[in-house]
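Bear in mind that the values in this text are calculations on the coordinates, not laboratory data. Being a predicted model, the structure only gives us computed values, none of them experimental. A quick note on method: Cβ atoms are made from the backbone with ideal geometry, for glycine too, and the neighbour counts reach across all protein chains shown.
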Amino acid sequence: MPATPITQPAPSVRRRLLKEGIVISDKMDKTVVVEVERLVMDRMYGKYLKRRSRFMAHDETNECKVGDRVRIEESRPLSRHKRWVVKSVLKKASE
């Protein structure tokens, strides 16, 4: 019986999370604060409530301004609070 090499399954690469939100601060260098809203249903009443989360995201080119709608992607820790990177600007803020 010929010996066949045993192949290990390829390690699965974890897909990085994507979120969309609005830039609420651009005062730092190469960093923006993005606010993401989500809807959560109340257990007792079944009413949907808005919940907001704020994420610090890396903006390499300093192109994001307050009010822009952006897509952010999860990344390795870049600093104490930064774990997201701006992937694209979906809509510029109207001036």
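Here are the numbers for this structure:
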quantity	calculated
Of Lys27, Lys47, Lys82, the one that fluctuates the most in a GNM where the chain has Cα springs shorter than 10 Å	Lys47
Cα principal axis extents for the chain, largest first, Å	74, 45, 26
Student exercise, the stretch 1-93 dipole from Lys, Arg, Asp, Glu Cβ charges, in Debye to nearest 20	340 debye
